[in-house]
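The values are calculated or read from the model by the stated rules, or taken from the named source; none is laboratory data. Bear in mind the structure is a predicted one, so any value in this text is a computation, not a measurement. Cβ coordinates were reconstructed from backbone atoms using ideal geometry, including for glycine residues, and neighbour counts include every protein chain displayed. SASA here: full protein model, heavy atoms, side chains in, ligands and nucleic acids out. Shrake-Rupley method; radii C 1.70, N 1.55, O 1.52, S 1.80 Å.
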Amino acid sequence: MTHDATLRLEVSNLSVTFPVGAATLPAVRDVSFTVAPGEVLGLVGESGSGKSVTLRSILGLTRRYGQIEGAVRWKGQDLLALNEPALRRVRGREIAMIFQEPMTALNPLLPVGLQITESLKAHTSLSRSERKARAIEMLDMVGIPAAASRLDNYPHQFSGGMRQRVMIAIALAVRPRLLLADEPTTALDVTIQAQILDLILALARDFDMGVILVTHDLGVVAQTCDRVAVMYAGRVVEEGSVRDVLRAPLHPYTIGLMRSVPQDVAPRSRLYTIPGTPPGLLHLPPGCAFEPRCPVSDVSCAVSRPDLASFGDGRRAACFRCEIRPAEGATAA
Amino acid sequence: MSDPVLEIRDLRLSFPVARSLVDLIRRAPVRQVNALNGVTLALRRGETLGVVGESGCGKSTLARCIVRLNAPTGGSIHFHGQDIFAPDQRHDRRFNRRVQMMFQDPYSSLNPRMTTGEILAEALRVHRICPAGDIPARVAELLDLVRLPKDAAQKLPHAFSGGQRQRIAIARALAVEPEILIADELVSALDVSVQAQIVNLLLDLQARLDLTILFVAHDLRLVRHISHRVAVIYLGRIVEIGDSETLFKDPVHPYSRALLSAAPSLDPAERGNRTHLEGELPSPLDVPGGCAFHVRCPHRSPRCSAEVPALRPLATGGAAACHHIEEIANERL
Ligand SMILES: Nc1ncnc2c1ncn2[C@@H]1O[C@H](COP(=O)(O)OP(=O)(O)OP(=O)(O)O)[C@@H](O)[C@H]1O
Ligand SMILES: Nc1ncnc2c1ncn2[C@@H]1O[C@H](COP(=O)(O)OP(=O)(O)O)[C@@H](O)[C@H]1O
Ligand code: SF4
Ligand code: SF4
Ligand SMILES: [Mg+2]
Ligand SMILES: [Mg+2]
């Protein structure tokens, strides 16, 4: 399949700040990445690291509360330079988003079938009967049993997990070219999670849809994503192919994250934990934000901030002491 | 680790479903949610028993029955040989002290206006654990036990991170020197590295205090790591139970096998190796007859829809409830 190069998302130097009293909270700092058509990029990091703010800022959704800087290029234009009506035409049609809290995004007063067909009416040229058929098809694809008979049901008549799946059905029904999914399966059982992730993967493959998948489950990353970006305190600290990053992480934070997972360790043995707690964003250390918790830091780390540097093969890491590790990783592999 | 501290026999619980006006007008029969359909289980002193299953299968209901927050509609629970629901036991405060439940959201169960020190002191006072003069020393000991800094005693719950609040809840549960801890999705909302801290804490406390733990969680990797034994629940019944490592390496019940294989592996090379579970978890309003799993089971026979399979011992020391274990095992060879 030939890729349409304009369908590549380019986020450059994205920074987002929120006013907090008299201070300014830097939620996202200098984040850059790209997503090619059909590619699935994972975004991981601990709670509060800026994953959701990054995702929402791509569609300008944080403009109301905060200040966005940088550029988000899509189809040759900078989305952040668009005015609200122009942005709204992009949202939900070419770029769809699945939110972390599904209930806030469903209208409790409308039957779910209508919510899907209305979205299709607004964003596609499908006929009335095609819209209904698509709605049933999508509900069926996200694993709602007897989908055709549930079009007239209201959101409260579904369980929490089913509502999440209805959300996913609405987002995917318009066949978006780019999907921004914020923890789409975190609230779901592993069985349903597997179905939904397979559906997202199939759409990425068949319709060349790019995907950004925010998750805190490294297993989901391993099984679903092509590339992964790891965030810490508002910055991307490591990026690369899933295979490289999960097998031979470069950044000490990624290494700590991987080691905390109970995998290939003796049953009931003590697990590795990253010492300390994440820094408050209002009181970031002047040097590397991970320095207070880093087991391999040296004197320079507290003074200056490491840039996100390239390590070849689309591999990037922001750490002064990474240089020495690629060789180690290579011999271990 | 052999004498049972808690024996659950044929535990059943059905909740009546609130009837809508339409139901009343139509004189529809009273319906009920069958949350537990005959659970038999013994908790051995000093062990961790993991409980897994899809959402709505009855894990929390089982946990709530054990701490008497729900009254079963059938069956029994004996604690050291005493029926905990016998009329003369119902008001026995000692039982409440000896079996402690920790909730998923500690924030909502911690009084926001009381400092950590006051919360712990109250628990010590109510259950008359120690003389009033010893309370401050005991509070300091408890904070140390769960690795919170000493000055934590003066702070209100909102001043702590999610993981720290989880530890306050654990400290409060431990304050009254329980024998059994019930942990229902204790770490599910936490970051991987914080989860690891809490898991280490539980392993530690168990070794030091000879605690018995019932660990309910949907993260299968964590359950496998922390548990001695694991019970797999489907629609209010145990379908397989056994030694954790054995069960995770070689589950025999078709449902356990599907559930465990749906958990995403951390190894990107294992992509696409999942066996898929077809269909949806049936509603507990009408649990299928016979083996409740038969509507989704690839191995079902006519016998499966007619006859409830009993939990039968396996050669590996565990037990499973399936009519066709032997054939399925041979098929795999
Ligand atoms: N409207 C806002 N006003 C002020 N601060 C905000 C706002 N929205 C987010 N933040 C802050 O920005 C930081 C990043 O938040 P974000 O929601 O992106 O985290 P996250 O990585 O998605 O975390 P989680 O894994 O918990 O979802 C946090 O410190 C958060 O409190
Ligand atoms: N108080 C209640 N009233 C009615 N139904 C309930 C009540 N509590 C639980 N249930 C139902 O019982 C079943 C088992 O619930 P639960 O034990 O919470 O599941 P799990 O913890 O395994 O997700 C579900 O169908 C649930 O909706
Ligand atoms: S820059 Fe220094 S402190 Fe930061 S992660 Fe690298 S070694 Fe650790
Ligand atoms: S009893 Fe029958 S339906 Fe149930 S799990 Fe076994 S083979 Fe499947
Ligand atoms: Mg988020
Ligand atoms: Mg539950």
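Which percent of Cα-Cα pairs in the stretch B:57-132 sits in each 10 Å bin, short to long?
It works out to 15, 40, 32, 12, 0, in whole percents.
Using a probe of 1.4 angstrom, how much of the accessible area of the stretch A:110-168 is carbon and sulfur, in percent?
Here it works out to 51 percent.
Ignore the peptide's own chain and count Cβ atoms of other chains within 10 Å of each Cβ in B:218-230; give me the average, rounded.
Details: counts 5, 5, 2, 6, 3, 1, 4, 9, 4, 2, 2, 0, 0.
Counting other chains' Cβ atoms within 10 Å and averaging over B:218-230 gives 3.
Can you pull out the trypsin sites (Lys or Arg not before Pro) in the stretch B:1-84 whose DSSP state is coil and whose Cβ has at most 16 other Cβ atoms within 10 Å?
Here the trypsin sites (Lys or Arg not before Pro) that fit, given the DSSP loop and packing criteria, are B:ARG19, B:ARG27, B:ARG31, B:ARG45.
Return an integer: the convex hull volume of the alpha-carbon atoms of the protein assembly as shown, in Å³ per residue.
Cα convex hull per residue, to the nearest whole number: 197 Å³.
Which value, in nm² and rounded to one decimal, describes the direction-averaged projected area of the C-alpha convex hull of the stretch A:152-225?
Mean shadow area of the hull around the Cα atoms is 5.1 nm².
Please list the radius of gyration and Dmax for the stretch A:107-201, considering alpha-carbon atoms only, with Å as the unit.
Gyration radius and largest Cα-Cα distance of the stretch A:107-201: 12.5, 36 Å.
With equal scatterers on the alpha carbons only and no solvent term, can you work out the Debye log10 of I(q)/I(0) for the stretch A:252-331 at 0.28 1/Å?
Debye curve over Cα of the stretch A:252-331, log10 I(q)/I(0) at q = 0.28 Å⁻¹: -1.36.
What number in nm² do you get for the stretch B:262-333 if you take the convex hull of its Cα atoms and divide its surface by four?
Working: hull surface 26.9 nm².
Over all viewing directions, the stretch B:262-333 projects a mean Cα-hull area of 6.7 nm².
How crowded by other chains is A:261-269, given as the mean number of beta carbons from other chains within 10 Å of each beta carbon?
6
Which values, in whole Å and largest first, are the semi-axes of the equivalent ellipsoid of chain B obtained as the square root of 5 times each eigenvalue of the Cα gyration tensor? List each step's numbers first, then the result.
On the way: eigenvalues 268, 118, 77 Å².
So the three semi-axes of chain B are 37, 24, 20 Å.
Once Rh is set to the Kirkwood radius over Cα pairs, what Stokes-Einstein translational diffusion coefficient, in µm²/s, holds for the stretch B:95-254 at a temperature of 37 °C and a viscosity of 0.692 mPa s? Kindly include the intermediate steps, with their values, before the conclusion.
Details: Rh = 16.6 Å.
It comes out at roughly 197 µm²/s.
Quantify, in whole percent, the carbon and sulfur part of the accessible surface of the stretch A:252-331 (1.4 Å probe; protein heavy atoms only).
Ligands and nucleic acids excluded, carbon and sulfur reach 57 percent.
Ignoring any ligand, DNA or RNA, what whole percent of the accessible area of the stretch B:183-280 comes from carbon and sulfur when the probe is 1.4 angstrom? Before the final figure, lay out each step's value.
Working: 1430 of 2960 Å².
Carbon plus sulfur share of accessible area: 48 percent.
If amide hydrogens are placed 1.01 Å from N in the peptide plane, which non-local residues have theirs closer than 5 Å to the one on A:SER15?
Distant-sequence amide H within range of A:SER15: A:ASP30, A:VAL31, A:GLU69, A:GLY70.
Taking the simple approach of a point 7 Å from Cα along Cα-to-Cβ for both B:LEU156 and B:VAL126, what is their distance in nm?
2.0
Given 0.36 nm per residue, what is the gain on full extension from B:ARG312 to B:HIS276 after removing their alpha carbon distance, in nm?
Details: separation 36, 0.36 × 36 = 12.96 nm, distance 2.56 nm.
Extra length from B:ARG312 to B:HIS276 when fully extended: 10.4 nm.
Can you tell me the FRET efficiency between B:ALA71 and B:MET114 if r is taken as the Cβ-Cβ distance and R0 is 30 Å, rounded to the nearest 0.05?
0.50
Taking 8 Å as the Cα distance limit and 6 or more residues as the minimum spacing, I'd like the relative contact order of the stretch A:110-168 as a percentage.
46
Averaged over its residues, how many other protein chain Cβ atoms are within 10 Å of peptide A:188-199's Cβ atoms?
Per residue, the average neighbour count from other chains is 6.
Give or take rounding to whole Å, what are the principal axis extents of the alpha carbon atoms in the stretch A:77-139, in descending order?
37, 28, 18
What 222 nm value per residue comes from the helices of chain A, counting each DSSP H run with n ≥ 4 as -39,500 (n - 2.57) and dividing by all residues, nearest 500 deg cm²/dmol? All intermediate terms of the calculation are to be shown ahead of the outcome.
Details: 11 runs with 108 residues, N = 333.
Here the helix-only value at 222 nm equals -9500 deg cm²/dmol.
Compute the normalised compactness of the stretch A:1-112: alpha-carbon radius of gyration over 2.2 N^0.38 Å, N being the residue count.
Compactness ratio reported: 1.15.
Could you tell me what % of all Cα pairs in chain A have separations over 38 Å?
18
If you roll a 1.4 Å probe over the heavy atoms of the protein chains, what accessible area per residue do you get for the protein assembly as shown, in Å²?
44
Run the simple label-point estimate for B:ASP23 and A:SER241 please: 7 Å along Cα→C-beta, distance reported in nm.
Between B:ASP23 and A:SER241, the label points sit 5.6 nm apart.
So which lysines pass the test for B:LYS59, namely a Cα distance under 30 Å, with those fewer than 8 places away in the same chain ruled out?
B:LYS249
DSSP loop (so not H, G, I, E, B), at most 14 other Cβ within 10 Å: list which chymotrypsin sites (Phe, Trp or Tyr not before Pro) in the stretch A:1-110 pass both filters.
A:TYR65
In chain B, what % of DSSP beta bridges are antiparallel (nearest 5)? Provide the component values of the computation, followed by the final result.
Numbers: 27 of 44 bridges.
Antiparallel bridges make up about 60 percent of those DSSP assigns within chain B.
At the nearest 100 Å², what buried accessible area, both sides summed, do you get for B and A when the probe is 1.4 Å?
3600
What are the trypsin sites (Lys or Arg not before Pro) within the stretch A:1-82 that DSSP puts in a loop, where the Cβ has at most 10 other Cβ atoms within 10 Å?
Here the trypsin sites (Lys or Arg not before Pro) that fit, given the DSSP loop and packing criteria, are A:ARG64.
Magnitude of the Cβ-charge dipole of chain A, K/R +1 and D/E -1, about the Cα centre, nearest 20 debye? The partial results should precede the final answer.
Values: 36 positive and 33 negative charges, 123 e Å.
Value, rounded to 20: 580 debye.
Can you pull the Kirkwood radius for the stretch A:10-67, inverse mean 1/r over Cα pairs, to one decimal in Å?
Across the stretch A:10-67, the inverse of the average 1/r is 12.3 Å.
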